[in-house]
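The values are calculated or read from the model by the stated rules, or taken from the named source; none is laboratory data. Computed from a predicted structure; not experimentally measured. Note that we place each Cβ from the backbone using ideal geometry, even for glycine, and neighbour counts take in every protein chain shown.
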Amino acid sequence: MTSGIEATFARLESAYASGRTRPLAWRRAQLDALRRMVNDHRSDLVAAIRADLGKPAAETMLTELNLIAAETRFVRDHLRAWTRRRPVAMPLALQPAAGWTVAEPKGVTLIIAPWNYPALLLLEPLADALAAGNAVCLKPSELAPRTSALIARLVPRYLDPDAVAVVEGGAAQTGMLLAQPFDHVFYTGGERVGRIVMKAAAEHLTPVTLELGGKSPVFVDGTCDLAVAARRIAWGRFTNAGQTCVAPDYVLATPDVAHRLAERIAVAVHEFYGEDPRRSPNYGRIVNDRHVDRLCGLLPAGTVPAPASARPVSPLVKAASVFGAAADMVGRRLGMGGGASRAADPRAADPAGRVVCGGVVDRETRYVAPTVLFGTSPDAPVMREEIFGPILPILVVRDADAAIRFINARPRPLAAYVFSRDRATRLAFERRTSSGALGFGLPLGHLMSARLPFGGVGASGMGAYHGKTGFDTFSHMKTVTVKPSHPDTLRLVYPPFDAVTRRV
Ligand code: NAD
């Protein structure tokens, strides 16, 4: 008996084999329908993502729905050009002859998405896969269950149900999907599961794209506009409550600016989210209790209520903690100095450093305050794993050279960001570090352009997508050659090789 998943795969395979996904008209119709689906159900998607992640509506629009619409429009507009034959000059020895390349669809593809941008990271690669003429199986994340259910309901209503399917579920369902002989697997998520995906794909020699994570560093020196840098870093770090794959993970700052930068970031947090970010409509929540507990473990001891199995902390304790952090921050803003001088103490006892702002957790509502740590040790737990939450450690480094050595001593990150106006410093980062992307003065920005490839390198992933790169990822570039029968110049290379041998 075939399982539901095998039946789904068989349905996609036969739709693909029928040739229906290849004509540009089909691809355009699907892309239009995808855009319509997102447009018609903006408020449903916003509500589902809010229910899953507590994400503010404006953030969902800006960082998910608008980007899906932009990507869909972009690939639709360029389809004709990308699917044209590309003539290639043939070597003299083969003349007369012609050659070209032509993009053909990979076939039946699987897209496995994570929970943190549950619509974007599922539907953006879908646009690229459809543009390339594939049949597609979508596997949304079970950790964003409302979004997963909504998309599973909408997709068959808008898209060709024989060629596009949604399979909901977690590890077990994904495992069953991976047992099918897909023609391409596109996975976004953590490194551990990335290995599982790649191993499973190897069984069928299925090519994979792995969009993974990592610790994306930021370097800041005294030549930059500190207020602007602080705002941009705070925005990049605390958007989606820090659960962004390319978010600044930690800051390496030179001694002349490190402390001022920490304060400025705290001020930016205050500007963005007010006195108590918990009450801000612009600040999100952590996806689940497990991640809240994990993040608690990364904060300096004693700054948060006991996590996990511990008894819930009384609202009074939480309030006192919130008040303490807010008062600290306001004090600094008013130039009272108390909080600042404590935050600046480089002899911080805890390896995680001192809390400059935030450090408050409410497990019941899965709230983790935007938190800035100062004077963090490179060995602290917060520096040993991707933070993937609203905590920003600031480490002091002597100079750009030390920062580059620090970065190069660790796995290659998904992104690196540099805030420096010094040309030589920028050039040094461009030439001497390796990362999926490098942003000068611009965290996250590169993921918003359909014209820029998006992907990791080394431990942060393999392959890339967005725009033409996404189209290429889901295409096979086929080489075509043609040689007329007459004159048969190949006779020069047929055996026997007497003529050639005489010349050797
Ligand atoms: P997740 O837990 O939602 O997992 C991702 C997908 O893998 C889900 O669809 C899930 O069902 C599936 N999965 C989970 N366990 C599995 C198993 N044992 N076997 C097969 N499939 C399994 O997401 P996550 O891993 O928590 O995502 C967070 C990570 O993703 C972070 O490291 C982040 O940096 C990275 N990320 C990368 C990008 C990018 O574009 N490069 C984007 C977002 C997130």
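Of all the criteria given as (1) touching a His at 6+ places or on another chain (Cβ under 9 Å); (2) in a loop (DSSP other than H, G, I, E, B), the one not satisfied by K468 is (2).
Restricting to segment 219-231, give me the number of residues that are part of a helix (DSSP H, G or I) and either within 14 Å of the ligand (Cβ to nearest atom) or crowded, with 24+ Cβ neighbours inside 10 Å (or both). So that I can check it myself, show each step before the final result.
Applying the first criterion (part of a helix (DSSP H, G or I)) to segment 219-231 yields 226-231.
The next check asks that each one be either within 14 Å of the ligand (Cβ to nearest atom) or crowded, with 24+ Cβ neighbours inside 10 Å (or both); those that pass are 229-230.
Residues that pass the stated criteria total 2.
Put simply, of R366, R384 the only residue that is within 16 Å of the ligand (Cβ to nearest atom) and free of Cβ contacts under 8 Å to residues at least 12 places away in the same chain is R384. Filtered by the rule that a residue be within 27 Å of G358 (Cα to Cα) and over 21 Å from the mean Cα position of the chain (by Cα), segment 392-418 gives I394, L395, V396, V397, R398, A403, F406. Of all residues in segment 432-458, those that are touching a residue at least 24 places away in the same chain (Cβ under 8 Å) and at negative phi have Cβ atoms under 7 Å from Cβ atoms of residues that are assigned to a loop (DSSP other than H, G, I, E, B) and away from the ligand (no atom under 15 Å from the Cβ), 6 or more apart or on another chain, in V457/S434. Within segment 171-182, the residues that satisfy the criterion of being more than 7 Å from the ligand (Cβ to nearest atom) and in a helix (DSSP H, G or I) are A172, Q173, M176, L177.
Can you tell me which residue within segment 237-273, out of those that are surrounded by 24 or more Cβ atoms within 10 Å (Cβ to Cβ) and of a type in the set (G, A, S), is nearest to the chain's Cα centre (by Cα)? The qualifying residue nearest to the chain's Cα centre (by Cα) is A247. For D40, the criteria (1) surrounded by fewer than 20 Cβ atoms within 10 Å (Cβ to Cβ); (2) over 22 Å from F474 (Cβ atoms); (3) within 23 Å of the chain's Cα centre (by Cα) hold in every case but one, which is (3). Quick one: would you say A70 is in the same structural domain as L122 (by the TED database) and either within 25 Å of L452 (Cα to Cα) or surrounded by fewer than 19 Cβ atoms within 10 Å (Cβ to Cβ) (or both)? It is true that A70 is in the same structural domain as L122 (by the TED database) and either within 25 Å of L452 (Cα to Cα) or surrounded by fewer than 19 Cβ atoms within 10 Å (Cβ to Cβ) (or both). Exactly one residue out of R398, R410 is assigned by the TED database to the domain that holds G359, within 16 Å of the ligand (Cβ to nearest atom) and surrounded by fewer than 21 Cβ atoms within 10 Å (Cβ to Cβ): that is R410. Under the condition of being part of a loop (DSSP other than H, G, I, E, B), out of contact with any Gly (no Cβ under 8 Å at 6 or more places or on another chain) and at negative phi, the residues counted in segment 183-206 number 2. Within this structure, E142 passes the test of being in the same structural domain as P161 (by the TED database) and surrounded by fewer than 24 Cβ atoms within 10 Å (Cβ to Cβ). The number of residues in segment 405-427 that are more than 18 Å from P443 (Cβ to Cβ) and either among the aliphatic types (A, V, I, L, M) or without any contact (Cβ under 8 Å) to a residue 24 or more places away in the chain (or both) comes to 5.
Here the condition is being crowded, with 21+ Cβ neighbours inside 10 Å and within 25 Å of G190 (Cα to Cα); of G439, G445, it holds for G439 alone. All of V108, V164, V136 fail the test of being under 16 Å from E13 (Cα atoms), within 15 Å of the ligand (Cβ to nearest atom) and either without any contact (Cβ under 8 Å) to a residue 24 or more places away in the chain or in the same structural domain as R22 (by the TED database) (or both), apart from V136.
Go through the residues of segment 478-496 one by one and say whether even a single one is closer than 30 Å to L212 by Cα and not in a helix (DSSP H, G or I). Yes: segment 478-496 contains one or more residues that are closer than 30 Å to L212 by Cα and not in a helix (DSSP H, G or I).
Just so you know, in segment 233-252 the residues that are of a type outside the set (A, V, I, L, M, F, W, C) and in contact with a strand residue (DSSP E or B) (Cβ under 8 Å, 6 or more places away or on another chain) include one that is nearest to the ligand (Cβ to nearest atom), and it is D249. Reported count of residues in segment 274-299, each being closer than 15 Å to P390 by Cβ, more than 24 Å from the chain's Cα centre (by Cα) and part of a helix (DSSP H, G or I), is 2. Evaluation of S216 against the conditions (1) surrounded by 20 or more Cβ atoms within 10 Å (Cβ to Cβ); (2) of a type outside the set (V, I, T); (3) under 28 Å from T21 (Cα atoms); (4) within 16 Å of the ligand (Cβ to nearest atom) shows that the sole unmet condition is (3). When W82, W100 are screened for being over 31 Å from the mean Cα position of the chain (by Cα) and outside the structural domain of P390 (by the TED database), only W100 passes. Would you please name the residue that is nearest to G190 (Cα to Cα), looking only at residues in segment 236-273 that are of a type in the set (S, T, Y) and in a helix (DSSP H, G or I)? Checking each candidate, the answer is T239. Within segment 398-414, the presence of at least one residue that is modelled with pLDDT of 95 or more, among the acidic types (D, E) and assigned to a helix (DSSP H, G or I) is confirmed. Selection over segment 191-222 of residues that are among the small types (G, A, S), more than 23 Å from T244 (Cβ to Cβ) and touching a strand residue (DSSP E or B) at 6+ places or on another chain (Cβ under 7 Å) gives a count of 1.
Could you pull out the residue among A25, A29 that is farther than 18 Å from E124 by Cα and either outside any loop (DSSP other than H, G, I, E, B) or out of contact with any Lys or Arg (no Cβ under 8 Å at 6 or more places or on another chain) (or both)? Give the derivation first.
Working: A29 fails: farther than 18 Å from E124 by Cα.
Only one candidate passes the filter, namely A25.
Would you check if R192 is basic (K, R), within 11 Å of the ligand (Cβ to nearest atom), modelled with pLDDT of 95 or more and more than 20 Å from R22 (Cβ to Cβ)? In short, yes.
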